[in-house]
Amino acid sequence: MSPVLVAASAYGADLVRRVGHADLIPMVAAAGAAGLEIRRELFDGPKDLGGLRELLGQHKLFSVYSAPLELFGANGRFERAQMSQVMEEAEEVGARFLKVSLGHFSAGSDLQSLLRFVSHSPIEVLLENDQTPQGGRLEPIVSFLALCTGNGYAFGMTFDMGNWRWQGVDPETAARSLAPHVRYVHCKGVQESHGKLKAVPLQAQDSHWQDMLGHFPSGILRAIEFPLIGSDLEETTRRHVAMLAAV
């Protein structure tokens, strides 16, 4: 069985902001998940990250810290100050990984500053393909990862199997191209509704997402990042955790 996390966002932003991440932890643990992906953008008020770390430990869960931060800002400059802040937060909560996106990387960006930062970081930084033109297209990500490797640093990835659709990228092509870098997989389906794309739950009978996981090492860490909806959220979570763990 493979370890499965639940992204806090799967329960909806309104719910998480109202009840807080701490209220999700007992339910996620009871549903058989291995951990919780903590979403920085879903805190409403001060962050009690030390309290979350203690509670996660009590329930034998680990965490990934997700920050809506681009490594390179609109001017192409490495966002060192912001990265230092979110890294401190990730360390405080005891996260296994810190997840960010690429941003506006270009040939003029200071790659060496980033590599010096991540090579001395206490927590591994993972790059996620997001839904933006700058961070969700395959070619810039492949080029960035190749440059990192050429400079002696093997940058890891959070592979979001659904986000590629927002930039018209074939997820299978992306999976084949990026497989050596992938440490963590965001699992979700995507459907078009009224001209807009939206995340939807994966279905056990759909072999497409299961085949995609086959490009990555057996037992790779994966997370539910699709909507978990129902009158019994614990049971809904348990069912989907078991489905992803079995693949």
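A short reminder: the numbers here are calculations on the coordinates, not readings from a lab. Because the structure is predicted, anything quoted here is derived from the model rather than measured. Using ideal geometry, Cβ is built from the backbone for each residue, glycine included, and neighbour counts are taken over all protein chains shown.
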Expected output is a single nm value to one decimal: the length gained when fully extending between Val142 and Ser106, i.e. 0.36 nm times separation in residues minus the C-alpha distance. What is it? 11.7 nm
Anchor Lys198: lysines whose Cα lies under 20 Å away (excluding residues fewer than 8 positions away in-chain): Lys188
With -39,500 (n - 2.57) per DSSP H segment of 4 or more residues and division by the full residue count of the chain, the 222 nm estimate, nearest 500 deg cm²/dmol, is -11000 deg cm²/dmol
How long is the gain from Asp44 to Ser119 if the chain were fully straight, where each residue apart is worth 0.36 nm and the alpha carbon distance is subtracted? 23.8 nm
5 Å-binned pair-distance histogram of the range 152-247 (Cα, whole percent): 2, 12, 23, 24, 18, 12, 6, 2, 1, 0
When the charge dipole of the chain is computed with +1 on Lys and Arg Cβ and -1 on Asp and Glu Cβ about the Cα centre, the Cα farthest towards its positive end, among Val19, Ile229, Gly219, belongs to Gly219
C-alpha center-to-center spacing [the range 227-247, the range 167-183] in angstrom: 25 Å
Alpha carbon Rg of the range 35-94, scaled by the compact-globule rule 2.2 N^0.38 Å: 1.24
Determine Rg/Rh for the range 118-177; Rg is computed over alpha-carbon atoms and Rh is the Kirkwood hydrodynamic estimate from the same atoms. 0.99
Three-way shape call for the range 91-152 based on the alpha-carbon gyration tensor, with the a/c threshold at 1.5: oblate
Which one of Ala199, Ala30, Ile123 is farthest out on the positive end of the charge dipole of the chain, using unit charges on Cβ (Lys, Arg +1; Asp, Glu -1) and the Cα centre as origin? Ile123
³J(HN,Hα) across the range 157-166 via Karplus (A = 6.51, B = -1.76, C = 1.60, θ = phi - 60°), whole Hz, x for Gly/Pro? 10, 9, 8, 8, 5, x, 4, 4, 4, 5
Dimensionless Rg/Rh of the chain - Kirkwood Rh, Rg from C-alpha atoms: 0.95
Top mean-square fluctuation among Pro133, Pro227, Pro171, Gaussian network model of the chain, C-alpha springs under 10 Å? Pro133
Would you mind checking which residues have amide H under 5 Å from Val190's amide H? H placed 1.01 Å from N; only 5 or more apart, or other chain. Val200
